[in-house]
Amino acid sequence: MLMLFVRQSRPDSAYWPGRRALAAVDALAWPLAAAWFFANLPWATGIVGPFIVAAASLGAAWRLRVATLFNHRYRFTAWTWSVRVAAALTFGAVLKAVI
C-alpha cells in the first residue's frame, strides 16, 4: 500500500527592520564557523577537510542568497538550534528530577 502525505508549506516570516542584515550574518556565520573548525584541526584530515571547507563555502553562498533575496523564506539557524538544545536540556532536567 502506498501512502502519500503532503506537507503544508510554512507561512512567510514577518518582516521587521534589520531582519535582512541579521539573516545575512546568521547565514554566513554557521557554515564559515564549520569551515574554520575543519580547516584548523590539529591532525591531518586528508581529502575530507578540504571537501567540508568547500561544501561549507558553497552552503554559505546559498544561504546568503536565500537570506538576502528571499528573506521571507529564511529561517534563523541560531534560533532553530537554540530551541532544540533547550528542549533537550529541559528533557534531561526532567528525567534527572524524576529518576
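What follows is calculated from the coordinates using simple rules that are stated; it is not laboratory data. Nothing here was measured: the structure is a model prediction, and the numbers come from that model. Here Cβ is always computed from backbone atoms with ideal geometry, including for glycine, and neighbour counts include all displayed protein chains.
The residues listed here are 31, 17, 50; of these, the one that is surrounded by 10 or more Cβ atoms within 10 Å (Cβ to Cβ) and over 23 Å from residue 81 (Cβ atoms) is 50.
Taking (1) loosely packed, with under 10 Cβ neighbours inside 10 Å; (2) not in a loop (DSSP other than H, G, I, E, B) in turn, residue 43 satisfies each apart from (2). Residue 11 passes every criterion in (1) loosely packed, with under 12 Cβ neighbours inside 10 Å; (2) outside any loop (DSSP other than H, G, I, E, B) apart from (2). Find the residue count for segment 57-99, including only residues that are exposed (fewer than 10 other Cβ atoms within 10 Å of the Cβ) and either outside any helix (DSSP H, G or I) or touching a residue at least 12 places away in the same chain (Cβ under 8 Å) (or both). So the count comes out to 1.
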